[in-house]
Structures are given as C-alpha cells and as structure tokens.
Amino acid sequence: MNSIKIFLEKLIRTKEKKYIPYGKHAINKRDIISVVKVLKSNFITQGPKVEKFEKEICKKLDVNFSVATNSATSALHIACLSLGLQKGDIVWTSPITFVASANCALYCQAEIDFVDIDIKNGLISICELEKKLEHAQSIGKLPKILIPVHLAGTSCDMHKIKQLSEIYKFKVIEDASHSIGGKFFGSYIGNCKYSDITVFSFHPVKIITTGEGGIATTNNLEIFEKMGKLRSHGIEKNINKLENKSNDKPWLYEQQILGFNYRMNDIEAALGLSQLKRLDNIVKKRNDIRKFYLKELHNLPVKVLEVEPNILSSVHLLVIVLDKEYRKYHSEIFNFLKNKNIGVQLHYIPVHSHPYYKKLGFKIGDFPVSEEYANSAITLPLFPELNKRQVKKIIEILKFEINKIGSNFI
Ligand SMILES: *Cc1c(COP(=O)(O)O)cnc(C)c1O
C-alpha cells in the first residue's frame, strides 16, 4: 500500500514534460502523399478533388447531395439561408455548443433562442423542447429552424425531433460537427432521414480533418442547388439555369443571389478523401479508448456522458461530469489536471453566457441545467493515438486530486 502511495506521489509530482492535448489530428503518410499530389497538379482551388470528396461523402453516409465548404461555420450559414431564414424568423439550438451553432442565425438577422440540455448526455432535452414548443405555439413564436447539436459525437434523439418538426412545422439542421462516422439506429449521421440538412466540420480537432473545412448534406435537390450557389458568390454557371438565356454566348454566367466565397479547395479535399478512408477505423479506436476510460473511471465520483444503446457515438470528446458533492471543486480539479500538463477543456461555456449574447438579453439563470453542466464538466484527452498508459496516468492524477478533496469532507 505504502509503496503504491509513494509511486503515485512521485508520478503526480513529476511534471510530465509532454503535454497531452484534449484532441489531436492523426495524419499518416498516405494523407501527405495525397496532398502533395494535388500541389503538383493543375487544380489547387475547387476542382476534381472537391467533387470527388462530395461524392464519397454521399456514398459513405447514404445521402443524395453534399456541398463542401471552407468550414462548418460557413456550411451552417448557407444551410440557414437555403432554408429561407431571414429577419423576423427564430432559430433554436442548445446552449452547450460551439458559438457557431447559434451565430449562423444571427448572420441571417434571425432571432436566436436556446433549449436547455439533459445533464446525462449533454444533448438538447426533448422534454424541455416539447414544453418550449407548446409555449411558443401559444404565444405565436415558434422557431423556423431547430439546430440540434450531436455533442461529443452522440446523436440527439432524431426520432422525437422529426416527430416534433412535423407537428410544429419547423426545419431541422443537424450540427454534426462532432459526429461524422457516428450512427443513429444503425445508419450514419448525415443521411438526413430526420432533417433537412446535416453539417459536419473538418477542423483538426474533429473526427477527420481537411485542415479547415466543412460539408453540408441534404436529400433535397433545391436546397442542394441553393447551397452550391451561395458557396460561390451566388453565381450560376449552368447555361440552362440562367435567367437571361443567350445560346450564342455560352461563356456567360449570372450572379442571381448574394453569396460568398465559402469554397473548399482541392488540397483540403485530398486530405479529406484520404482521411475518410479511415473513418470507421478512427471511430472504433475512439470507442475503444472511451471503453477503457469507462472501466478505469468506474470507482470515481464522476459520470462519463451517456450514449444510448441504439447510438454509435463517434466519441469526439470524453466528457466527465462530477457528481454533485464534488461540483464545488470543479475549478480546483480542472486546474490541478491542467497544471499536470493534461490538456483539459470545457465543452462548452454556455453560449448564452458569453458577453455578446448577454447583450442580446440572455442572462445567467436562463438555462440552469446547461449552467450546472458547465460548472461540473471536464473534457479529458481522447484522440486515436492516445495510449493506455497515458489514459492510466490521466486517471491517476484525477484520482489523486479527488481523493485529496474527498478526505476533507468524508
Ligand atoms: C467545431 C464546431 C463548429 C464549427 O466548425 P468550423 O469548421 O471550425 O467552422 C460548429 N459547431 C460545433 C458544435 C463545433 O464543434
């Protein structure tokens, strides 16, 4: 017993030289070769690789159309616009998300509001959603779009969300930035069975990366065409779709709506294509590491965010939520891990509590479960190359601090 204690104290005291980040991209030789090939080719910006990437994503996820962009943020923006979002409309999302899920509504001059979460899985609470919809209907303030966020890679209850969207006539954009490769009842997230559009991010901390990048998937041809146009200045090049047809001038193009330059380029798409081939493998590795964490954490006063049996999470994040009696030591535990070079994070500061959102009228107390979650959640490192020894070390450090705190009040 004593020797274990000495070993532990030594382990805790030695300042690990190597910082363990909470997430990390995995680039292999094939990725590098694919990118170099593009650099030596005739296309660097949007070209054949982007098109191929879009096709491969559709094939993999079993969806009709996709539009690759330079970020998920841009994809969310053009997704909202393609559903006709404008001033006077309302969008709802979860407060526990990256700010981009809410900002996209504001880009369109729409109003934003939030639905509180379920602390067990960090996802939008269906019960709160039902209550809020009922109330919104009674005061004539129903949302035009709901943006459920598949936090940490785990799908929201899309059966219920679809059902509610039919009753209350709202559109659904899945913010699946965390969850490519994840499944809901056996099918890949992004097949848009239960939504109008799904958006993924390929930022380096996400499941697969293109450096920066995103993609929007849909089964609706009209939405697809609109998003494609918005991605590139609102310009139409298809001669058959020009408003002023002029068969003798085939070089003509038209700007038909106000769009942006949100294009992905071929360098990014080549990296994405190469990474996509390993998607299932990456998701499996992430699930294996989560399982190992679950086993090692089971005696501690913490809960890992739950994943329902019919859901395959892509396990973008390993989030633990401290049990009630430990919540007041959240900062202490967080800082202790940080000082030991463990790259802990909080996913996320509730969006409504940021200064910008407070200026819009939101205040602390508006979404109490989200706020409690933010005061008790810690993201521990998880990425494909993280090994068991590192996980054990992270947990020993966490255990050491928790036992120290526990001995003060038990
Ligand atoms: C990362 C992320 C985004 C934004 O992704 P970018 O590709 O960086 O624009 C949006 N929503 C969520 C939930 C995210 O985690």
Contact list, first residue from segment 295-315 and closer than 9 Å to SER155 by Cβ and in contact (Cβ under 8 Å) with a residue 40 or more places away in the chain, second anywhere and surrounded by 17 or more Cβ atoms within 10 Å (Cβ to Cβ) and of a type in the set (A, V, I, L, M, F, W, C), beta-carbon distance below 6 Å, six or more apart or interchain, is ILE311/PHE184; SER313/VAL307
In segment 158-171, what count of residues is obtained for those that are β-branched (Val, Ile, Thr) and either in a loop (DSSP other than H, G, I, E, B) or closer than 17 Å to ASN103 by Cα (or both)? 0
When segment 360-396 is examined, which residues are found to be within 16 Å of ILE124 (Cα to Cα) and either surrounded by fewer than 21 Cβ atoms within 10 Å (Cβ to Cβ) or not small (Gly, Ala, Ser) (or both)? ASP366, PHE367, PRO368, VAL369, GLU371, GLU372, TYR373, ALA374
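Can you confirm whether THR209 is assigned to a loop (DSSP other than H, G, I, E, B), within 20 Å of the chain's Cα centre (by Cα) and either within 16 Å of the ligand (Cβ to nearest atom) or not assigned by TED's automatic domain parsing to the domain that holds LYS59 (or both)? Step through it out loud before you land on a result.
Details: assigned to a loop (DSSP other than H, G, I, E, B): yes; within 20 Å of the chain's Cα centre (by Cα): yes; either within 16 Å of the ligand (Cβ to nearest atom) or not assigned by TED's automatic domain parsing to the domain that holds LYS59 (or both): yes.
Considered against the rule, which asks whether it is assigned to a loop (DSSP other than H, G, I, E, B), within 20 Å of the chain's Cα centre (by Cα) and either within 16 Å of the ligand (Cβ to nearest atom) or not assigned by TED's automatic domain parsing to the domain that holds LYS59 (or both), THR209 comes out as yes.
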Selection status of LEU271, without any contact (Cβ under 8 Å) to a residue 60 or more places away in the chain and touching a Gly at 6+ places or on another chain (Cβ under 9 Å): no
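Looking at this structure, is ARG286 within 16 Å of the ligand (Cβ to nearest atom), closer than 30 Å to ILE33 by Cβ, of a type outside the set (Val, Ile, Thr) and crowded, with 21+ Cβ neighbours inside 10 Å? Spell out how you get there, then give the answer.
Working: within 16 Å of the ligand (Cβ to nearest atom): yes; closer than 30 Å to ILE33 by Cβ: yes; of a type outside the set (Val, Ile, Thr): yes; crowded, with 21+ Cβ neighbours inside 10 Å: yes.
In short, yes.
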In segment 65-80, which residue that is outside any loop (DSSP other than H, G, I, E, B) and among the polar types (S, T, N, Q) is nearest to the ligand (Cβ to nearest atom)? THR73
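GLU174 - would you say it is modelled with pLDDT of 95 or more and outside any strand (DSSP E or B)? So that I can check it myself, show each step before the final result.
Values: modelled with pLDDT of 95 or more: yes; outside any strand (DSSP E or B): no.
Against the criterion (modelled with pLDDT of 95 or more and outside any strand (DSSP E or B)), GLU174 does not qualify.
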Residues being buried (at least 17 other Cβ atoms within 10 Å of the Cβ) and in contact with an Asp or Glu (Cβ under 7 Å, 6 or more places away or on another chain) - total across segment 216-241: 4
Given the structure, is GLY181 within 19 Å of the chain's Cα centre (by Cα), away from the ligand (no atom under 14 Å from the Cβ) and touching a residue at least 40 places away in the same chain (Cβ under 8 Å)? yes
Can you name the residue in segment 81-127 that is in a helix (DSSP H, G or I) and without any contact (Cβ under 8 Å) to a residue 24 or more places away in the chain and is also nearest to the ligand (Cβ to nearest atom) among such residues? LEU106
Looking only at residues that are assigned to a loop (DSSP other than H, G, I, E, B), in contact (Cβ under 8 Å) with a residue 60 or more places away in the chain and more than 9 Å from the ligand (Cβ to nearest atom) in segment 184-203, which one is surrounded by the fewest Cβ atoms within 10 Å (Cβ to Cβ)? GLY186
(1) within 19 Å of the chain's Cα centre (by Cα); (2) among the hydroxyl-bearing types (Ser, Thr, Tyr); (3) in the same structural domain as SER74 (by TED's automatic domain parsing) all hold for TYR348 apart from (3)
Wholly inside segment 274-361, helices (runs of 4 or more DSSP H) that include 3 or more residues that are under 29 Å from ASN403 (Cβ atoms) and not basic (Lys, Arg) are 279-297, 330-339
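The values are calculated or read from the model by the stated rules, or taken from the named source; none is laboratory data. Just so you know, these numbers come straight off a predicted model, no measurement behind them. We place every Cβ from the backbone using ideal geometry, glycine too, and count neighbours over all the protein chains shown.
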